[in-house]
Amino acid sequence: MSAVISTDICIIGAGPVGLFAVFEAGLLKLRCHVVDALPQPGGQLSEIYPKKPIYDIPGYPEILAGDLVDNLMKQCAPFHPTFTLGERVERFEKLANGSFQLATTDGTEITCKAVAIAGGLGSFEPRKPAVENLERFEGGKGVHYMVRDPEHFRDKKIVIAGGGDSALDWTNFLAGVASEVTLVHRGTTFRGAADSAEKVKTLAEAGKIKLVLSSNVTHLHGNGHLQEVTITGNNGEAETVPLDAFVPLFGLTPKLGPIGDWNLDLTDDAIVVNTEDYSTSLPGVYAIGDINTYPGKLKLILCGFHEAALMCQGAFKYIFPDKKYTLKYTTVNGAPSL
Amino acid sequence: MEDIRIYVEEAPGQRRELEAPTDMGLSLMELLKANDYPIQATCGGMALCATCHVEVLAGPPLPEPSDDEWAMLDTLPVLHETSRLSCQIRLHPNLDGLVVRIADPA
Ligand SMILES: Cc1cc2nc3c(=O)[nH]c(=O)nc-3n(C[C@H](O)[C@H](O)[C@H](O)COP(=O)(O)OP(=O)(O)OC[C@H]3O[C@@H](n4cnc5c(N)ncnc54)[C@H](O)[C@@H]3O)c2cc1C
Ligand code: FES
């Protein structure tokens, strides 16, 4: 996929802090494009603890992490942010006129007047199983570490590997989309959500999916594109299964990734910022939320929200050095919109 | 209460001895982090991230993993028979002599 997107601020990271930055930028009439390596917004809240209550968000004595993300999405919606999800920002370049050009792993290009890095712990990357030839079939040749668009698998033969919640959930969902779904799990029991495990078993008993327990996918074969996998049982017996796509779902883990190579001042994998406006060592580039560091830094959502508000003021001045901005309360301006 | 000794196998046959207090309610993950081992422990010890994965190589028997710990271990691509989440192991006097290896971060 390839596209060129032009915006005022490109926000790298759709965690809570990146999403709130969209709202704060919107109040200043700045447009935002948000990129995240995850297929859904919310950062750590969606990936690690969507069902856990949070108690330290002002005005919410208790709110589930997943609900906070939904609310942040609603709060920034009036400003019509655009999103590129499931792609990691890889390339980063400052142009002679002070603007920026960014590119993702999938070739999406973004030009913008300022960059806000809200990258948290880094981009969430898939944990990869030890399967021969795995890398050879990455990048659209048959191996998918996330399900971004279930339609991609319509009427295809797929093999899913894993025993956690996402392997179970996607097996259940794709059973009605793909022409053939095989779930391979190295154990004999599933300890993920009991109802999803039950559903998988019912589908298997009804012959709607194939369940291969006590086994691992060990080899991938194909000529250019993935054509077959070898599934080896814990007893050493192996079978070869033809397929169109292999979907190993072993969770994601955060890695600092390319942000470390963008020549910004870093300390212990965190970006050093000026607390006046959360600017980095490169003018026009800001860092907010868990990814930044300064004396007294607290890695809390609340603190990231505060940083987002000050960052937008700084970005406004960078983008419009000649315009004067006077602070107005949202209660004065009425319902926010661009 | 007496300190106990925990051993970390840093390379085959190469073990580093760590002295661990047992009266502070620490987890093995916290002990490893305090000794600058490169584990992320993203979730801070809530059995939600599996970035504190260790392999238990030898030593006294450990209590069985809880369902939450199992569920998290199940998500890992590489699981050893003695894999554990170090944040779920409390340092206790009867763990003296435990030998662990920090699993490769996937
Ligand atoms: C279990 C747990 C419980 C917590 N409880 C609380 C709590 O009760 N209260 C509280 O205030 N805080 C809590 N926290 C901390 C809170 O989750 C973080 O402070 C918060 O998520 C930081 O938000 P963020 O937007 O900066 O980063 P993140 O939530 O980490 O989001 C960053 C996003 O950036 C993306 N990204 C990074 N690099 C790239 C790139 N190159 N290209 C594309 N995308 C990229 C990542 O994929 C990720 O989605 C908790 C954390 C955990 C793990
Ligand atoms: S620290 Fe997250 S599972 Fe142990």
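The values are calculated or read from the model by the stated rules, or taken from the named source; none is laboratory data. Please read all numbers here as calculations on a predicted model, not as lab measurements. For neighbour counting, all protein chains shown are included, and Cβ atoms are generated from backbone atoms with ideal geometry for every residue, glycine included. We work out accessible area using only protein heavy atoms, side chains counted, and drop any ligands, DNA or RNA first. Shrake-Rupley method; radii C 1.70, N 1.55, O 1.52, S 1.80 Å.
Over all distinct Cα-Cα pairs of region A:4-47, the Kirkwood formula returns a hydrodynamic radius of 10.7 Å.
Seen against the Cα atoms of chain A and their longest principal axis, helix A:301-319 is set at about 60 degrees. With the alpha-carbon atoms of region B:5-106 aligned to their principal axes, the span from lowest to highest coordinate is 31, 30, 25 Å, starting with the largest.
Remark: mean inter-chain Cβ contacts per residue of B:72-84 equal 5, using a 10 Å Cβ-Cβ cutoff to other protein chain atoms.
Here the peptides A:34-47, A:83-96 are ranked by packing, the mean other Cβ count within 10 Å, and the order with the highest first is A:34-47, A:83-96. For region A:276-338, the alpha-carbon coordinates run over 34, 27, 17 Å along the three principal axes, in decreasing order.
The residue among A:V247, B:S66, A:T230 whose Cα reaches farthest toward the positive pole of the charge dipole of the protein assembly as shown, with charges on the beta-carbon of Lys, Arg, Asp and Glu, is A:V247.
Does anyone have the angle between helix A:65-76 and the longest principal axis of chain A? Alpha-carbon axes, 0 to 90°, nearest 10? It is inclined by approximately 50 degrees. Counting only alpha carbon atoms, the long axis of helix A:194-205 and the longest principal axis of chain A meet at about 40°.
Cα-based values for region B:67-106, radius of gyration first and Dmax second, are 11.3, 32 Å. In the protein assembly as shown, helices alone account for a calculated mean residue ellipticity at 222 nm of -5500 deg cm²/dmol, with every DSSP H run of four or more residues adding -39,500 (n - 2.57).
Note: relative contact order over chain A, using C-alpha pairs below 8 Å and six or more positions apart, is 20 percent. Per-residue packing, averaged as other Cβ atoms within 10 Å, sorts the ranges A:221-231, A:294-304, B:70-80 into the order B:70-80, A:221-231, A:294-304, beginning with the highest. Taking 4.7 Å between beta carbons as the limit, the unpaired Cys residues of chain A are A:C32, A:C76, A:C303, A:C312. Panel note: contact residues of region A:117-160 (accessible area lowered by at least 10 Å² against the chain on its own; 1.4 Å probe) correspond to A:L121, A:R127, A:K128, A:P129, A:A130.
Among the listed pairs A:K157/A:K210; A:K52/A:K201; A:K29/A:K324; A:K94/A:K323, give every one whose C-alpha distance is greater than 18 Å. Too far apart for the 18 Å limit: A:K52/A:K201; A:K94/A:K323. Between the C-alpha center of region A:94-116 and that of region B:9-82 there is a gap of 41 Å.
Going by the alpha-carbon gyration tensor, a ≥ b ≥ c the square roots of its eigenvalues, is region A:155-218 rounded (a/c under 1.5) or, if a/c is not under 1.5, prolate (a/b greater than b/c) versus oblate? It comes out oblate by the Cα gyration axes. The average projected area of region A:222-303, computed from the convex hull of its Cα atoms over all directions, is 10.3 nm². When the alpha carbon gyration tensor of region A:100-163 is reduced to an equivalent ellipsoid, its three semi-axes come out at 29, 16, 12 angstrom, largest first.
Once the gyration tensor of the Cα atoms in chain A is diagonalised, the equivalent ellipsoid follows with semi-axes of 41, 22, 17 Å, ordered largest first. For the pair region A:286-303 / region A:224-256, the C-alpha centres are spaced 39 Å from each other.
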